[in-house]
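For reference, the structure discussed in these notes is given below.
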Amino acid sequence: MALLASAVSFPTFGQDSNERVYNYEILTPQANDIRTVPKPKVEGWATARVKENLNRGVVAVKTDSGVYVGWRLLETDAPAVAFNVYRSSDGKNWKKLNSRPVSSTTDYVDTKGTASSLYRVAALDGRKEIKVSEASPVLENNYVSIKFQGNYPAQKMAVGDLDGDGRYDYVIKQPQQRTDPGSWNRSTDTFKLEAYSADGEFLWVHDLGWNIEQGVWYSPYVVADLDGDGKAEVAVKTAPVDKDYRDSTGRVVGAVPYNYKGVPGSSPYGICPEYLSILDGMTGKEIDRVDWIPQGREFGDYNRNNRNQIAVAFLDGRTPSVIMMRGTYRKMAANAYHFKDGKLQLVWEWSGDQENPVIRSQGAHQTVCADVDGDGRDEVILGSAVIDDNGQALWSAGVGHSDKAIVGEIDPDNPGLEILYANEVPHEKRGVCLVDAATGREFWNIGKHTGHVGNAMAVDLDPSIPGLECIATEDGGKTDKTEDTKYIFSSKGERLWKGEPVPGCTDWIWWDADRLRELPVFGGRQRGGFSIGKYRGETVTDGIEGSIMMIADLFGDWREEIVTIKNGEMRIYTTTIPAVDRRNTLVQDPLYRSYIYSRSMGYTQSPMLSFFL
């Protein structure tokens, strides 16, 4: 039977859409707090873990020094693998550039390269070449440009290998409209999903219709290979497109029998059906669908409280499952499905109402999945509560709704993963806290009263301090960045650098040659753009344009790309700073990939790793 490892008492949590504070009983968790019968372990159809079949990811960029070439180190490579680098002017006659095999990094600077050159790399087994990569042309700038079908920006994006060629393709959601969290605006258009190949070829568009309103929480989607055929599908929340279920104000109130303030709504067709649909990655056509978790008053208001998400978990350690979720601030529910032979198959259903009330109102704004208890099977981290791989509650930290739940390897002295919480609701001590991801046991907390702690991040700012440093920012109050509404702690909870400016929490990136992460620097001389710089240090790259859509290791060596959006264009910027070491591509770390899955919905958050660099 699953047990709750949590604090002995639980504070007042959150508010509903009518600003009424709702309370929970103070209780001490016991073994009988969860009264459901233990569920069996999931056994899926896969015999080995389904993984993306990534290619070498060669990228070549023209620089002032010649041509910078970078490529992936893969988890299937031998530990002692080395590489040869080749250049061609016609794609036929290839010249080896290195006098000795490249073994200390997975990049190379060709001082004689030109904008018309082609490059490829070959992996070596001893002196024998065993794998030769695809040929890569030279980028004239340090970014890949993908042009959209019109002069519009995107609201969200996802990545996956749609065609099975080992490269990431892109699925955007447009236009850039967002209703969140308590305000509501009538949709002026319909959301569309658009797919583009790695080369920028437009593949398809799928119109979600008027019954999926233009709000960040109405329209979650992920891109993943769900059936193990080497090509990614799109899992997305949908609704009928042949009937308009909106009322006279433009709300899809038919999804619940009442509208924003609890006033009964009126839809010409009654309750609007909602679905989890699987789309073919190459055509955008629907393959199968099942009903979405039904709405009800116990979830709270449809806009503010009733938030929808999708995640990808390997519940048996091998087979991908798509997780549909509803609810954040009140009741929470989740269903898990396998997708095989064109059909969605229910694996388990979970509802917080089946568990102790400490499960209620524990959601976050992003869901990641990871093996937190070391049994080789993924758990679903809803926020302050965790669902075990079998669809039963594993534990609840009891801190209520967390604006950010940062999952990763943070404290080097604790085996396994940790979770850093930034909690929206007021707390006397636990507004910022670090817990063990396997049990929910608290390591430390901020130890003072906090109001709305709206953001957090764990990042290595100082290599002399063990583990990752924990940043948290409290909204409201004093605006001076040196005051006590913004904090930096060590992984042990020690307050660091009090009185010094505290950096932002989002869009940290591994970009230069060291193991510390950099962050975007806005303003200054970069009008209409931004730079990438060190915390309390120098600028390392100038001239990045657009608004940030994603941080991820998409190609090249292990360092990350930064994806930005401009009207009518997506740019994937890559580093050209020569590396000093090498490591496997980060997207093959399961926790890191889970963060990339979830980037296409909810609030933005930089991906974390399950290990220390």
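The values are calculated or read from the model by the stated rules, or taken from the named source; none is laboratory data. Computed from a prediction, not measured in an experiment: that's the story for all the values here. Counting neighbours? That spans all protein chains shown, and the Cβs are built from the backbone with ideal geometry, glycine included. These accessible areas exclude ligands, DNA and RNA; they are computed on the full protein's heavy atoms, side chains included. Shrake-Rupley method; radii C 1.70, N 1.55, O 1.52, S 1.80 Å.
Consider a paramagnetic label point 7 Å from the Cα of Ser183 along Cα→Cβ; state which residues of the stretch 398-431 have an amide N under 16 Å from it. Counting only backbone N, you get no residues. Here the gap between Leu346 and Val290, fully extended at 0.36 nm per residue and compared with their Cα-Cα distance, gives a gain of 19.2 nm.
Remind me, relative contact order of the stretch 43-201 in percent, using alpha carbon pairs under 8 angstrom and six or more residues apart?
Working: 283 pairs, mean separation 32.7, N = 159.
Reported relative contact order: 21 percent.
By its C-alpha gyration tensor, with a ≥ b ≥ c as the square roots of the eigenvalues, how is the stretch 500-613 shaped: rounded for a/c under 1.5, else prolate for a/b larger than b/c, else oblate? Rounded is the answer for the stretch 500-613, as its axis ratio a/c remains below 1.5. Each Lys and Arg Cβ is given +1 and each Asp and Glu Cβ -1; about its Cα centre, the chain then shows a dipole of about 760 debye. Compute the relative contact order of the chain as a whole-number percentage, counting only Cα pairs closer than 8 Å that sit 6 or more residues apart in sequence. Computed value for the chain: 14 percent relative contact order.
Quickly estimate the mean residue ellipticity at 222 nm for the chain, helices only: each DSSP H run with n ≥ 4 gives -39500 (n - 2.57), and the total goes over all residues, rounded to 500. All intermediate terms of the calculation are to be shown ahead of the outcome.
Details: 1 runs with 9 residues, N = 613.
Estimated from H runs of four or more residues: -500 deg cm²/dmol.
With the whole protein complex present, Trp45 retains an accessible surface near 80 Å², based on a 1.4 Å probe.
Farthest toward the positive end of the dipole of the chain, out of Cys272, Ala46, Val132, is the Cα of Val132, where the dipole comes from beta carbon charges about the Cα centre. For the stretch 374-385, the Karplus equation 6.51 cos²θ - 1.76 cosθ + 1.60, evaluated at θ = phi - 60°, returns couplings of x, 9, x, 10, 6, 9, 9, 9, 6, x, 8, 10 Hz by residue, with Gly and Pro reported as x.
May I ask you to give the solvent-accessible area per residue for the stretch 401-485, in square angstrom, as obtained with a 1.4 angstrom probe?
On the way: 3000 Å² over 85 residues.
In whole numbers, the stretch 401-485 has 35 Å² accessible per residue.
Would you mind classifying the stretch 345-464 by shape? Square roots of the alpha carbon gyration tensor eigenvalues, ordered a ≥ b ≥ c; an a/c under 1.5 is rounded, otherwise it is prolate if a/b is larger than b/c and oblate if not. Don't skip to the end; give the middle numbers.
Details: a/c = 2.04, a/b = 1.26, b/c = 1.62.
It is oblate, given that a/c is not under 1.5 and a/b is not larger than b/c.
Could you order Trp511, Trp94 by accessible surface area, starting with the largest, using a probe radius of 1.4 Å? Don't jump to the answer; show the numbers that get you there.
On the way: Trp511 0, Trp94 55 Å².
I get Trp94, Trp511, largest accessible area first.
The separation of the stretch 492-554 from the stretch 298-339, counted between C-alpha centres, amounts to 32 Å. 3J(HN,Hα) couplings calculated from phi for the stretch 541-546 with the Karplus curve 6.51 cos²θ - 1.76 cosθ + 1.60 (θ = phi - 60°) are, in sequence order, 8, 10, x, 7, 10, x Hz; Gly and Pro show x.
Where the only charges are on Cβ atoms (+1 Lys, Arg; -1 Asp, Glu), what is the dipole of the stretch 346-460 about its Cα centre, to the nearest 20 debye?
Values: 7 positive and 20 negative charges, 121 e Å.
The calculation lands at about 580 debye.
Where the alpha-carbon atoms of the stretch 106-169 are placed on the principal axes, they occupy 50, 30, 16 Å, in descending order. Segment Ala78..Asp242, full-extension length gain: 53.6 nm, with 0.36 nm per residue of separation and the alpha-carbon distance subtracted.
Just list whichever of Lys51/Lys231; Lys243/Lys343; Lys192/Lys404; Lys41/Lys331 have alpha carbons separated by over 20 Å in the model shown.
From the list (Lys51/Lys231; Lys243/Lys343; Lys192/Lys404; Lys41/Lys331), the Cα-Cα distance tops 20 Å for Lys243/Lys343; Lys192/Lys404; Lys41/Lys331.
Assuming a ≥ b ≥ c are the square roots of the Cα gyration tensor eigenvalues, decide whether the stretch 350-414 counts as rounded (a/c under 1.5), prolate (otherwise, with a/b larger than b/c) or oblate. Note, shape of the stretch 350-414 comes out oblate.
If eta is 1.567 mPa s and T is 4 °C, what Stokes-Einstein diffusion coefficient results for the chain, Kirkwood Rh from Cα pairs, in µm²/s?
Numbers: Rh = 25.1 Å.
Stokes-Einstein gives a translational diffusion coefficient of 52 µm²/s.
Backbone amide hydrogens, once placed in the peptide plane, bring Glu379 within less than 5 Å of Ala370, Asp371, Val372, excluding anything fewer than 5 places away on its chain.
Between the amide H of Ala393 and those of Asp388, distances stay under 5 Å, these residues lying 5 or more places away or on another chain, with hydrogens modeled in the peptide plane. Taking amide H atoms as placed 1.01 Å from N in the peptide plane, the amide H of Gly113 lies under 5 Å from those of Val67, each 5 or more residues away in sequence or on another chain.
Converting phi to 3J(HN,Hα) with the Karplus coefficients 6.51, -1.76 and 1.60 and the offset θ = phi - 60°, the stretch 45-57 yields 8, 7, 8, 9, 4, 6, 10, 6, 8, 6, 8, 6, x Hz in sequence order, with x at every glycine or proline.
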